[in-house]
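Scroll down for the structure; my scribbles are underneath it.
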Ligand SMILES: Nc1nc2c(ncn2[C@@H]2O[C@H](COP(=O)(O)OP(=O)(O)OP(=O)(O)O)[C@@H](O)[C@H]2O)c(=O)[nH]1
Ligand SMILES: [Mg+2]
């Protein structure tokens, strides 16, 4: 109290010096003290009021408040979050406090970036993303042959597991080979070779027998195999023949794309004038591969298309000309004669043409493909084979039968509908993929 009256006296003295009349000195000094006291109180309260204004306005928007104990369960997930070191204990307390009793307060809290599940250090996601390596040729072939591999090699492996190599086992093996479309003739030849090698002391264990079988198949596939040589003529003329729906046009599209990617100039002839859609289909493939297509109207003479395509191939100095033809059965004499006429026209325009007549066979037809090939071979000259749709069949053993029985090289195999799914036939790769070992 004494200090207060001293303070009052000091303020009164200052006010007197400032010219305040003596009659008002006491009340003026009291007024000054009142103002000072108010300012001090306001200064003390200011931080609290300021922080309250910064609170998120979620409280009013929330529906039914939750019971206190539920909210208490949620609160520690924020307060105890160890990955938010930037938040001081004080701040966490303040943030969590008004949300107590709210159903989903955590969503509203401005959580610092370190709490996010996605790491902040992700500035160049595209660059950091691992690029999947394209499947190797082996992998591609293996997946294309998976059905045949399961039915043929899968069955052989089950047969050999835990068994001794004896007559009974060999009989069962023979049965598997025949039913996997290797055919009677090829199977018997294979078994004879196996028995000869067993007599020489080879193939005594199941594993050794598997290896010998693999070698014998590879031998048969390799015998007549020779890749197509595109440099034997310019323009090199390919004529593609076969029964309906075996994959002629698709094969031509894939070939055009591959040759063109190799830097060769390619031209396609739409020799299937039987239906307009056939030329349209070839044009789609031509556009995809970026190569030109010579076509006529529906119903036109295919020999006339062959003539125009040959002329254009020479004039435009193309490297490879591929002629599509309508699907035909070898039994239709007029259609087979038509094919001979096309060949004559081509030969007149380009010496030696067609340099390659590719017979396309659908592997899913199994032994039927072998029969078709024999029939075609009797009527026209066939210089190479394409076996399509191996991906869609368990009857891929037919390749071994065809390679060893026909004496015509298998040039390509189709293992899918994609542009890259036509592969030059490589016996070594084929057998390894079939037997599932790289
Ligand atoms: N899965 C698979 N399908 C193929 C393959 N080759 C061709 N095809 C499909 O077989 C069908 C017939 O193919 P096309 O090329 O039209 O057969 P085409 O011999 O020209 O038929 P036509 O002109 O009617 O005689 C199409 O659906 C192709 O996508 C292959 O290797 N694998
Ligand atoms: Mg076609």
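For residue 399, all conditions in the list (1) within 14 Å of ligand 1 (Cβ to nearest atom); (2) part of a helix (DSSP H, G or I); (3) free of Cβ contacts under 8 Å to residues at least 40 places away in the same chain hold save one; what is the number of the exception?
Condition not satisfied by residue 399: (3).
Pick from the stretch 379-396 the residues that are within 27 Å of the chain's Cα centre (by Cα) and not in a strand (DSSP E or B): which of them is farthest from residue 150 (Cα to Cα)?
Only one residue fits best here, namely 389.
Which of (1) under 38 Å from the mean Cα position of the chain (by Cα); (2) buried (at least 17 other Cβ atoms within 10 Å of the Cβ); (3) in contact (Cβ under 8 Å) with a residue 24 or more places away in the chain is the odd one out, the single condition residue 245 does not satisfy?
It is condition (2) that residue 245 fails.
Go through 349, 378 for me and flag whichever is away from ligand 1 (no atom under 15 Å from the Cβ), modelled with pLDDT under 95 and more than 18 Å from residue 229 (Cβ to Cβ).
378
If residue 312 satisfies all but one of (1) more than 16 Å from ligand 2 (Cβ to nearest atom); (2) modelled with pLDDT of 95 or more; (3) out of contact with any strand residue (DSSP E or B) (no Cβ under 6 Å at 6 or more places or on another chain), what's the number of the condition it fails?
Among (1) more than 16 Å from ligand 2 (Cβ to nearest atom); (2) modelled with pLDDT of 95 or more; (3) out of contact with any strand residue (DSSP E or B) (no Cβ under 6 Å at 6 or more places or on another chain), residue 312 violates only (3).
Please find, within the stretch 409-434, the residue that is farthest from ligand 1 (Cβ to nearest atom) out of those that are part of a loop (DSSP other than H, G, I, E, B) and surrounded by fewer than 21 Cβ atoms within 10 Å (Cβ to Cβ).
Once the filter is applied, the top-ranked residue is 409.
Please go through the stretch 158-178 and give me each residue that is within 20 Å of residue 192 (Cβ to Cβ) and not in a helix (DSSP H, G or I), ordered by number.
Those that are within 20 Å of residue 192 (Cβ to Cβ) and not in a helix (DSSP H, G or I): 165, 166.
If a residue must be within 27 Å of residue 384 (Cα to Cα) and either in contact with a helix residue (DSSP H, G or I) (Cβ under 7 Å, 6 or more places away or on another chain) or surrounded by 18 or more Cβ atoms within 10 Å (Cβ to Cβ) (or both), how many such residues does the stretch 194-215 contain?
Of the residues in the stretch 194-215, 2 are within 27 Å of residue 384 (Cα to Cα) and either in contact with a helix residue (DSSP H, G or I) (Cβ under 7 Å, 6 or more places away or on another chain) or surrounded by 18 or more Cβ atoms within 10 Å (Cβ to Cβ) (or both).
Got a sec? Which strands (runs of 3 or more DSSP E) wholly within the stretch 287-377 have at least 3 residues that are in contact (Cβ under 8 Å) with a residue 24 or more places away in the chain and farther than 30 Å from residue 401 by Cβ?
Counting at least 3 such residues, we get 292-294.
Looking at residue 305, is it touching a strand residue (DSSP E or B) at 6+ places or on another chain (Cβ under 7 Å), over 20 Å from residue 385 (Cβ atoms), at pLDDT 95 or above and more than 15 Å from ligand 2 (Cβ to nearest atom)?
no
So which of 209, 282, 213 ends up being within 11 Å of ligand 1 (Cβ to nearest atom), at pLDDT 95 or above and assigned to a helix (DSSP H, G or I)?
Exactly one residue qualifies, and that residue is 282.
Could we say that residue 172 is without any contact (Cβ under 8 Å) to a residue 24 or more places away in the chain, more than 21 Å from residue 218 (Cβ to Cβ) and out of contact with any helix residue (DSSP H, G or I) (no Cβ under 8 Å at 6 or more places or on another chain) here?
The answer is no for residue 172.
Could you list, in sequence order, the residues of the stretch 383-394 that are in contact with a helix residue (DSSP H, G or I) (Cβ under 6 Å, 6 or more places away or on another chain) and either over 16 Å from residue 249 (Cα atoms) or away from ligand 2 (no atom under 16 Å from the Cβ) (or both)?
If the condition is that a residue be in contact with a helix residue (DSSP H, G or I) (Cβ under 6 Å, 6 or more places away or on another chain) and either over 16 Å from residue 249 (Cα atoms) or away from ligand 2 (no atom under 16 Å from the Cβ) (or both), then 387, 390, 391, 392, 393, 394 are the ones that fit.
Looking at this structure, is residue 437 under 26 Å from the mean Cα position of the chain (by Cα), outside any helix (DSSP H, G or I) and modelled with pLDDT under 95?
yes
Restricting the stretch 216-261 to residues that are part of a loop (DSSP other than H, G, I, E, B), more than 8 Å from ligand 1 (Cβ to nearest atom) and touching a helix residue (DSSP H, G or I) at 6+ places or on another chain (Cβ under 7 Å), which is farthest from residue 388 (Cα to Cα)?
235
The values are calculated or read from the model by the stated rules, or taken from the named source; none is laboratory data. This one's a predicted model, so the numbers in the text were calculated from it and none came from an experiment. Positions of Cβ are backbone-derived with ideal geometry, glycine not excepted, and every protein chain shown enters the neighbour counts.
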